[in-house]
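Engineer: Handing you a structure now.
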Amino acid sequence: MTRLERLTIALLWVVGGFTFMVLYAPALIVILFSFFAMKNHQIDWSNFSLEWYGRLADNSQLLAALYNSIVVGICAVVSATIISLALAYYMKTGVRRGRAYVEFIIFLPFVLPAIITGISLLVAFREIGLERSLITVTIGHIVLILAVVYRMVTIRLDTLENSQIEASLDLGANGLETFLYVVLPQLRSALLTSSLLAFALSFDETLVTFFLVGGETTLPMRLWAMMRTGFTPEINALVSVVLCVTLLFAALGAMSLRESIERKP
Amino acid sequence: MTAALSEEEVVRPNVIQLVGVTKSYRNLNVLKPVDLDIKDGEFLTILGPSGSGKTTILRMIGGFTPPTSGRILLRGADISQVPIFRRPFNTVFQDYALFPHMTVAKNVAYGLRIRRRPAEEIKTKVAAVLETVNLTDKAERYPSELSGGQRQRVALARAIVCEPQVILLDEPLAALDAELRRSMQEFLKDLQRRIRTTFVFITHDQEEAISMSDRIAVMDHGNLIQVGTPQEIYYKPRTEFVAKFFGENNLLPAQPDNNAANILESPLGKHSLPASAKGGGSFLLAIRPESFSIHDGSELRQGQSVCVGRLENVTFLGATTQLSLNVGKAQQTIKVRVPTGQSGNNLAFGDDVPLRWSEADVNVLPRG
């Protein structure tokens, strides 16, 4: 290794390290804050405690919002995945007219300003007399994340050679068996990855949710409301918990993605 | 030998019959009406250049593509409307189409598992078939861990384990290198003899077709041009395309004689016009280079003719030597292949070489 190369690598480390610091330092600070008491906007380092976590456990409003967010996320992801799978497989097995138009419509809410999507849905729901509730929120989230899930499913499905489906039919399997034994197993990691991503999108969605939320609220909306009345330290505890769980899921997703890449011929 | 073969052919029933089958996409006729009988237990090769419609025929038999018109019969019963998964055929795909998420054993077992065969039976059959294709030690590997030739054999094993009535092979050797190809050709032929199943084999490689097949169906531009044994296709071509498609051939222009309607005139001399080649206009004569021999002056047998050619070139090919000679008034060049010992070493360029051939080896073809 020449001196120049060594210098370049060192420089890259510095730049990379700085980037990571900018990205993750705020999160680390929040985690730190969650373990220490605050005095006059200063951390009291002498006072390590799990007090905020305890208070979080007692904050029923915050926990209810977290629970709502999780329920909405899971419902939206499951629905979007089923719709995407059915639609993508239908498009795959045969020449379908209007495929481009259908896909354009699916992607549209993802690129449209969220305010437009939100207002449109609000107007539509009011027209059909659907009260604002977690159900309307879930529908809004489905509309948004469908683009992501459908995209990821079709990308994986497109790499699946048609001859594999034909081979399965040729060996005596009907359409359903072919889907269950040949197509679905090969989509497993794509579905897992897209579900994680879509859940993350749903979990912190605020703009569209803002227009659709009813009496029961989601976590980001709750936090937003709390910010206005005053910041309480149990939010730090909550954010830390959410961050750790997210990291865990991200790691799982990365692992499953790597496994699927290695398996591919 | 020939008589025995044709007798056997009479006894063999048809397993598949294509009756007036066509395929068109919008206004494009991919396949003109095709009638083809596939006999039980034969190795039939459908041969043609790319775009000739050979794969379309295979896909229609397999059920992947519906015919635009015509019927496909399986032992007399129309199966044109039967879906892929109910047809008793199995296909070896050009890209093998192995399931990447299953081991070799699971791939092979797939057809039997779908048919809900008992686990014990699946196990025995898969083991037996893997033994047949020499892949017993690779049973627990994934397709991505195998070489091209091994994948090819897995695809074959997966097709034969279901004991189909016909095995359809869509250019299965196209992706293999030359040496592997040759050994797979022998393997396939040998396998077909052992399991006595009808093979319908697609290829664009003439040598492959000639060396492996019981019968060859030659296709071009969506037309089925000629069906016959490799010997018939090679020595008795019925069209110019077939005559040119297989190996070296001499194609000579021939005109009807002005005085006698049933006599043709060519650079080689006069020939009687066979009853099958009707119609006026000009014809082509096809005669193989090896059908000529150097005339040694001995007495001609019935149906043999002689002409003289001027030697232009001599090419040593090993066991045979190829001579290029100019014949007739138009100095038409013909190629003659003789055993190297027979050519003699005393031939010089410009020499007049007497050639002998049998009229039976001359094929009169319509020109065009």
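Engineer: Restricting attention to the stretch B:80-106, and to residues there that are more than 9 Å from chain A (Cβ to nearest Cβ) and over 30 Å from B:GLY70 (Cβ atoms), which single residue is surrounded by the most Cβ atoms within 10 Å (Cβ to Cβ)?
Structural biologist: B:VAL104
Engineer: Looking at the stretch A:122-139, which of its residues are in contact (Cβ under 8 Å) with a residue 60 or more places away in the chain and more than 14 Å from the chain's Cα centre (by Cα)?
Structural biologist: Going residue by residue through the stretch A:122-139, those that are in contact (Cβ under 8 Å) with a residue 60 or more places away in the chain are A:122, A:125, A:131-134, A:136-139.
If the condition is that a residue be in contact (Cβ under 8 Å) with a residue 60 or more places away in the chain and more than 14 Å from the chain's Cα centre (by Cα), then A:LEU122, A:PHE125, A:GLU131, A:ARG132, A:SER133, A:LEU134, A:THR136, A:VAL137, A:ILE139 are the ones that fit.
Engineer: Would you check which residues across the stretch B:126-151 are more than 10 Å from chain A (Cβ to nearest Cβ) and either open to solvent by 60 Å² or more (accessible area, probe 1.4 Å) or assigned to a loop (DSSP other than H, G, I, E, B) (or both) and list them?
Structural biologist: Of the residues in the stretch B:126-151, the ones more than 10 Å from chain A (Cβ to nearest Cβ) are B:126-141, B:147-150.
Passing the criteria: B:GLU131, B:VAL133, B:ASN134, B:LEU135, B:THR136, B:ASP137, B:ALA139, B:GLU140, B:ARG141, B:SER147.
Engineer: Continuing with this model, one more query. What are the residues in the stretch B:113-125 that are open to solvent by less than 40 Å² (accessible area, probe 1.4 Å) and within 9 Å of chain A (Cβ to nearest Cβ), if any? Break it down stepwise before answering.
Structural biologist: In the first step, residues of the stretch B:113-125 are kept if they are open to solvent by less than 40 Å² (accessible area, probe 1.4 Å); the result is B:114, B:122.
Listed by number, the list holds a single entry, B:ILE114.
Engineer: Ok, one more. Among the listed residues A:ILE155, A:ILE165, which satisfies the condition of being of a type in the set (Val, Ile, Thr), in contact (Cβ under 8 Å) with a residue 24 or more places away in the chain, within 14 Å of chain B (Cβ to nearest Cβ) and more than 23 Å from A:SER69 (Cα to Cα)? Can you show your working first?
Structural biologist: Numbers: A:ILE155 fails: within 14 Å of chain B (Cβ to nearest Cβ).
Result of the check over A:ILE155, A:ILE165: A:ILE165.
Engineer: Which one of these is open to solvent by less than 80 Å² (accessible area, probe 1.4 Å) and either free of Cβ contacts under 8 Å to residues at least 40 places away in the same chain or closer than 30 Å to B:PRO83 by Cα (or both): A:GLY214, A:GLY253, A:GLY175? Spell out the reasoning first.
Structural biologist: Working: A:GLY214 fails: either free of Cβ contacts under 8 Å to residues at least 40 places away in the same chain or closer than 30 Å to B:PRO83 by Cα (or both); A:GLY253 fails: either free of Cβ contacts under 8 Å to residues at least 40 places away in the same chain or closer than 30 Å to B:PRO83 by Cα (or both).
None of the other options fit; the residue is A:GLY175.
Engineer: Look at the stretch A:180-209 and say how many of its residues are open to solvent by 60 Å² or more (accessible area, probe 1.4 Å) and within 14 Å of another protein chain (Cβ to nearest Cβ).
Structural biologist: If we filter the stretch A:180-209 for residues that are open to solvent by 60 Å² or more (accessible area, probe 1.4 Å), which is where we start, we get A:180-181, A:188, A:192, A:197, A:201, A:204, A:207.
Adding the requirement that they be within 14 Å of another protein chain (Cβ to nearest Cβ) leaves A:180-181, A:188.
The total comes to 3.
Engineer: Within the bounds of the stretch A:85-94, is there any residue that is free of Cβ contacts under 8 Å to residues at least 24 places away in the same chain, surrounded by fewer than 21 Cβ atoms within 10 Å (Cβ to Cβ) and within 14 Å of chain B (Cβ to nearest Cβ)? Step through it out loud before you land on a result.
Structural biologist: Narrowing the stretch A:85-94 to residues free of Cβ contacts under 8 Å to residues at least 24 places away in the same chain: A:86, A:90, A:94.
After this cut, where a residue has to be surrounded by fewer than 21 Cβ atoms within 10 Å (Cβ to Cβ) as well, the list is A:86, A:90, A:94.
Still in the running and within 14 Å of chain B (Cβ to nearest Cβ): A:94.
Looking for residues that are free of Cβ contacts under 8 Å to residues at least 24 places away in the same chain, surrounded by fewer than 21 Cβ atoms within 10 Å (Cβ to Cβ) and within 14 Å of chain B (Cβ to nearest Cβ), one finds at least one in the stretch A:85-94, hence yes.
Engineer: Tell me yes or no: at least one residue of the stretch A:126-133 is in a helix (DSSP H, G or I), out of contact with any Leu (no Cβ under 6 Å at 6 or more places or on another chain), of a type in the set (A, V, I, L, M, F, W, C) and open to solvent by 60 Å² or more (accessible area, probe 1.4 Å).
Structural biologist: So the first thing to find is which residues in the stretch A:126-133 are in a helix (DSSP H, G or I), and the list is A:126-127.
Add one more test, that the residue is out of contact with any Leu (no Cβ under 6 Å at 6 or more places or on another chain), and what stays is A:126-127.
Filter once more, keeping what is of a type in the set (A, V, I, L, M, F, W, C): none.
No: zero hits.
Engineer: While we're looking at this one, here's another question. For the stretch B:58-75, does any single residue satisfy the condition of being open to solvent by less than 10 Å² (accessible area, probe 1.4 Å) and assigned to a loop (DSSP other than H, G, I, E, B)?
Structural biologist: Narrowing the stretch B:58-75 to residues open to solvent by less than 10 Å² (accessible area, probe 1.4 Å): B:58, B:60-62, B:72.
So of that shortlist, the ones also assigned to a loop (DSSP other than H, G, I, E, B) come out as none.
Scanning the stretch B:58-75 turns up no residue that is open to solvent by less than 10 Å² (accessible area, probe 1.4 Å) and assigned to a loop (DSSP other than H, G, I, E, B).
The values are calculated or read from the model by the stated rules, or taken from the named source; none is laboratory data. No experiment lies behind these values; they were computed from the predicted model shown. Cβ coordinates were reconstructed from backbone atoms using ideal geometry, including for glycine residues, and neighbour counts include every protein chain displayed. SASA here: full protein model, heavy atoms, side chains in, ligands and nucleic acids out. Shrake-Rupley method; radii C 1.70, N 1.55, O 1.52, S 1.80 Å.
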